[in-house]
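**Q** Structure incoming, see below.
Every number here is computed from the coordinates shown, using simple stated rules; none is lab data. Remember, it's a predicted structure, so these values are computed and weren't measured experimentally. Cβ coordinates were reconstructed from backbone atoms using ideal geometry, including for glycine residues, and neighbour counts include every protein chain displayed.
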Amino acid sequence: MKLDSKVPGGPLEEKWDKHIKDIKLVAPNNKRKYEVIVVGTGLAGGAAAASFAELGYNVRSFCIQDSARRAHSIAAQGGINAAKNYPNDGDSIWRLFYDTIKGGDYRSREANVYRLSQVSNEIIDQAVAQGVPFAREYSGLLANRSFGGAQVSRTFYARGQTGQQLLLGAYQAMMRQVHNGNIKYHPRHEMLDVVVIDGEARGIITRDLVSGELNRWEADAVVLATGGYGNVFYLSTNAKNSNVTAAWRAHKRGAAFANPCYVQVHPTCIPVSGDYQSKLTLMSESLRNDGRVWVPKKKGDDRHPNDIPEEERYYYLEERYPSFGNLVPRDVASRNAKNVCDDGLGVGETGLAVYLDFRDAIKRDGKESIESRYGNLFELYENIA
Ligand SMILES: Cc1cc2nc3c(=O)[nH]c(=O)nc-3n(C[C@H](O)[C@H](O)[C@H](O)COP(=O)(O)OP(=O)(O)OC[C@H]3O[C@@H](n4cnc5c(N)ncnc54)[C@H](O)[C@@H]3O)c2cc1C
């Protein structure tokens, strides 16, 4: 198989800009002659379908759920990064690019990550224009908070429901096009196969999940925006229908599929509590802003955490990574949590947990302030745990 990433040539910073300048355009009156299939209605598919339709193409949109609004993007909590540098703390497109490459363990495709960083500010503007209610400062300016893997504050957020609010924005843009007749919308349809003609995807086969009917759809281009597949692992924070079916079927038709082992492990899950559990629940990563991660220094120390004095606590992230502390990238935080548990220092009934402690933050900022920042999250997780 010939591996072709389709990344344009030229210097890193100019690759995609140059591509946009060089690309062959389709005139407005010709766009309506083309049909585009978009499978998936999460933040990727919803935005793609709305944008293609806005440009004038005929779009067909498919998803498994009964509503586009229920794509798993709705579960994202903590926020979305952009290099606007509102807090004036030294951020730039280059820094966002660098942090993202590092956060991906240096394995992501550099040109594409650079493009993401370049357009990050416009993505925030687009979301605001769609009505996404990002948190704001008292003055009315958009607020930022810190997140793992960065030494600047560049995360735009809507309390602990950023994904839900972003998805509602994308959904509204998409449904506007559905009502204008530019998108034909097919919820409760599972893609079973990709139709490939002369090496190009030119259609899909679907099953109507209500009637069981099989259908074939043809198009000039097919976009698969079918999300993650964490459920190949037994315990995952992904919804059960993030199930890799579409990507796997495309792979069987010849699409390249690489590095399935590179799945992100959330370091702030509610710990496993029993044998009958089939899912994990994420606690927002924003909690690592003020929560301190630690385990007892002594193996098998089963005292209540409040009874373990400061000098007997091992704040392993702060000690090992002093410049990032508890805000190390996720892979680093997860790997270190696993290592301390493997060393027998894990806490709780299973020994597979570490503490995320707000005692010092409450002492420093007051209970009210911490409650206003994280109160809704604490309440949510208390009910789940
Ligand atoms: C708990 C959690 C919290 C997160 N928090 C953050 C965060 O704070 N910030 C951040 O940047 N990222 C976060 N992420 C990651 C981020 O949410 C996802 O990477 C992103 O939402 C994926 O969007 P998507 O559009 O690619 O996929 P999804 O939203 O999963 O959408 C996939 C779509 O494909 C459809 N589909 C799949 N298979 C088929 C098929 N065979 N036939 C038809 N349709 C199909 C589904 O129905 C769905 O509509 C989080 C992820 C999780 C799980």
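**Q** Suppose we flag GluC sites (Glu not before Pro) only when DSSP calls them loop and at most 16 other Cβ atoms lie within 10 Å. Which is the longest uninterrupted stretch of the chain? Write out the running numbers ahead of the final one.
**A** Working: sites that count: E137, E213, E349.
Looking at the chain, 1-136 is the longest stretch - no exposed GluC sites (Glu not before Pro) with at most 16 other Cβ atoms within 10 Å.
**Q** Which residue, P322, P271, P296, tops the fluctuation ranking in a GNM of the chain built on C-alpha contacts under 10 Å?
**A** Answer for the Gaussian network model of the chain: P322.
**Q** What's the FRET efficiency of A256 with E137 using the Cβ-Cβ distance as r and R₀ = 41 Å, to the nearest 0.05? Each step should come with its number before you reach the end.
**A** Working: r = 45 Å, r/R0 = 1.10.
Efficiency, rounded to the nearest 0.05: 0.35.
**Q** Would you compute, from DSSP H runs of 4+ residues alone, the mean residue ellipticity of the chain at 222 nm, taking -39500 (n - 2.57) per run and dividing by the full residue count, rounded to the nearest 500? Walk me through the intermediate numbers first.
**A** Values: 11 runs with 125 residues, N = 385.
The helix-only estimate for the chain comes to -10000 deg cm²/dmol at 222 nm.
**Q** Would you kindly state how much longer the chain becomes between N376 and R320 on full extension, computed as 0.36 nm times their sequence separation minus their alpha carbon distance, in nm to one decimal?
**A** Values: separation 56, 0.36 × 56 = 20.16 nm, distance 3.10 nm.
So the extension gain works out to 17.1 nm.
**Q** Where does each of 27-34, 163-170 land if you order them by average Cβ count within 10 Å, highest first?
**A** Working: 27-34: 11.1, 163-170: 22.5.
With the highest mean Cβ count within 10 Å placed first, the list reads 163-170, 27-34.
**Q** Over the chain, what is the relative contact order in percent, taking alpha-carbon pairs closer than 8 angstrom and at least six residues apart?
**A** Details: 645 pairs, mean separation 62.5, N = 385.
Computed over the chain, the figure is 16 percent.
**Q** R335 versus L55, label points 7 Å from Cα toward the beta carbon: distance in nm?
**A** About 3.8 nm, to one decimal.
**Q** Tell me the relative contact order for region 285-384 as a rounded percent, counting alpha carbon contacts under 8 Å between residues six or more apart. Can you show the working numbers first?
**A** Numbers: 96 pairs, mean separation 31.5, N = 100.
That works out to 31 percent.
**Q** Using alpha carbons only, how many degrees (0 to 90, rounded to 10) separate the axis of helix 43-55 from the longest principal axis of the chain?
**A** Tilt of helix 43-55: around 30 degrees.
**Q** Express in whole angstrom the spacing between the alpha-carbon centres of region 1-77 and region 233-291.
**A** 24 Å
**Q** Now for a different question. Quick check for you: which residues of region 139-183 have the amide N under 16 Å from the point 7 Å beyond the Cα of D125 toward its beta carbon?
**A** 142
**Q** Okay, next question. Once both axes come from the Cα atoms, what is the angle between helix 330-342 and the longest principal axis of the chain, in degrees from 0 to 90, rounded to 10?
**A** Value to nearest ten degrees: 50.
**Q** In addition: Of all chymotrypsin sites (Phe, Trp or Tyr not before Pro) in region 205-241, which ones are in loop regions per DSSP and have a Cβ with at most 13 other Cβ atoms within 10 Å? Don't jump to the answer; show the numbers that get you there.
**A** Working: sites: W217, Y229, F233, Y234; in loops: Y229, F233, Y234.
For chymotrypsin sites (Phe, Trp or Tyr not before Pro) across region 205-241 that sit outside H, G, I, E and B with at most 13 neighbouring Cβ atoms in 10 Å, the list reads F233, Y234.
**Q** I need the calculated FRET efficiency for the pair I205 and K21, taking r as the beta carbon distance and R₀ as 56 Å, to the nearest 0.05. Each step should come with its number before you reach the end.
**A** On the way: r = 37 Å, r/R0 = 0.67.
That gives a FRET efficiency of 0.90.
**Q** Along each of the three principal axes of the Cα atoms of the chain, give the extent in whole Å, ordering the values from largest to smallest.
**A** That works out to 71, 48, 41 Å along the principal axes.
**Q** Taking Cα atoms, how many degrees apart are the long axis of helix 367-384 and the longest axis of the chain, rounded to 10 and kept between 0 and 90?
**A** Around 70 degrees separate the two axes.
**Q** Describe numerically, in nm with one decimal, the distance between label points set 7 Å from Cα along Cα→Cβ at K33 and at K279.
**A** Between K33 and K279, the simple spin-label model gives 4.7 nm.
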